[in-house]
Amino acid sequence: KAGVTQTPRYLIKTRGQQVTLSCSPISGHRSVSWYQQTPGQGLQFLFEYFSETQRNKGNFPGRFSGRQFSNSRSEMNVSTLELGDSALYLCASSQGDRQTQYFGPGTRLLVL
Amino acid sequence: AQSVTQLDSHVSVSEGTPVLLRCNYSSSYSPSLFWYVQHPNKGLQLLLKYTSAATLVKGINGFEAEFKKSETSFHLTKPSAHMSDAAEYFCVVSALDNDYKLSFGAGTTVTVRA
């Protein structure tokens with residue numbers, strides 16, 4: 001079974017731009033969660049989607065948003081990019097509630 | 001409140017010697033506990049998980065961890081380190097007091113000397 005895939009793998013943007021990241025979960029998985037990883041803050045939870053509904057949200061500003069499609073693929077969007085948004089963004093999928101999460105390779109975003 | 005503390009930010013071992021990565025957790029509810037490994041420029045790979053079954057959990061690549069409720073610990077061990085074990089390791093907790101969201105430790109970087 002194919003693992004979690006994320007596109008693109010690398011992105012360079014400038015301050016003020018917006019960006020959309022994509023995540024395709026493992027086949028059959030209905031839950032997708034997003035995390036931000038930085039050297040200073042470590043791994044932080046952004047949000048979780050299940051059956052196209054946001055089920056949980058972390059402590060991030062409203063510039064960070066996401067959505068999930070009927071095929072369970074998910075996108076996250078960051079608007080008005082700031083230098084501090086430079087990070088590795090990881091997506092994880094699971095079969096459902098409280099199930100083990102499996103991570104994708106991440107998208108590395110650099111904001112200049 | 002739910003939290004995870006990895007007691008060592010960096011561990012250095014010689015190839016063929018044991019590895020011990022220490023993790024303490026805090027939760028008001030029965031937790032699920034995980035160890036993930038992250039190799040450079042890669043995502044997180046699940047090593048093993050504890051979900052209230054056997055307290056000694058065996059994972060991939062020869063790793064195992066023991067859940068000790070009295071000590072609120074979930075330490076990761078491997079009897080013999082291999083060069084390919086050089087990576088960053090994360091202890092993770094999930095429980096009702098945080099809506100089952102994953103809480104990550106700060107990570108332990110493992111260096112393996114030849």
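Listed values, structure above:
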| quantity | calculated |
| --- | --- |
| Most mobile of B:K58, B:K49, B:K101 in a GNM of chain B (Cα contacts under 10 Å) | B:K101 |
| Accessible area buried, both sides summed, chains A and B with 1.4 Å probe, Å² | 1400 |
| Drop in accessible area of at least 20 Å² in the complex versus isolated chain, residues of the stretch B:89-104, 1.4 Å probe | B:F90, B:D99, B:Y100, B:K101, B:L102, B:F104 |
| Amide H within-cut-off set for B:Y100, under 5 Å, with H built and near neighbours excluded | B:A95 |
| Projected label distance in nm at A:R98 and A:T53, using a 7 Å step from Cα toward the beta-carbon | 1.8 |
| For a label point 7 Å along the Cα-to-beta-carbon line of B:S12, residues of the stretch B:40-55 with backbone N under 20 Å | B:40 |
| Rounded to 5, the percent of DSSP beta bridges in chain B classed as antiparallel | 85 |
| Accessible area in square angstrom per residue, the stretch B:21-114, 1.4 angstrom probe | 46 |
| Anchor B:K78: lysines whose Cα lies under 22 Å away (excluding residues fewer than 8 positions away in-chain) | B:K42, B:K49, B:K58, B:K68, B:K69 |
| Farthest toward positive dipole pole in chain A [+1 Lys/Arg, -1 Asp/Glu at C-beta], among A:S31, A:T5, A:C91 | A:T5 |
| Contact order normalised by residue count of chain B, Cα under 8 Å, 6+ apart, percent | 38 |
| Exposure of B:H82 as accessible area (Å², to 10), given a probe of 1.4 Å and all protein chains | 90 |
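The values are calculated or read from the model by the stated rules, or taken from the named source; none is laboratory data. Everything quoted here is computed from the prediction, not taken from an experiment. Positions of Cβ are backbone-derived with ideal geometry, glycine not excepted, and every protein chain shown enters the neighbour counts. Keep in mind that these areas ignore ligands, DNA and RNA; they rest on the heavy atoms of the full protein, side chains included. Shrake-Rupley method; radii C 1.70, N 1.55, O 1.52, S 1.80 Å.
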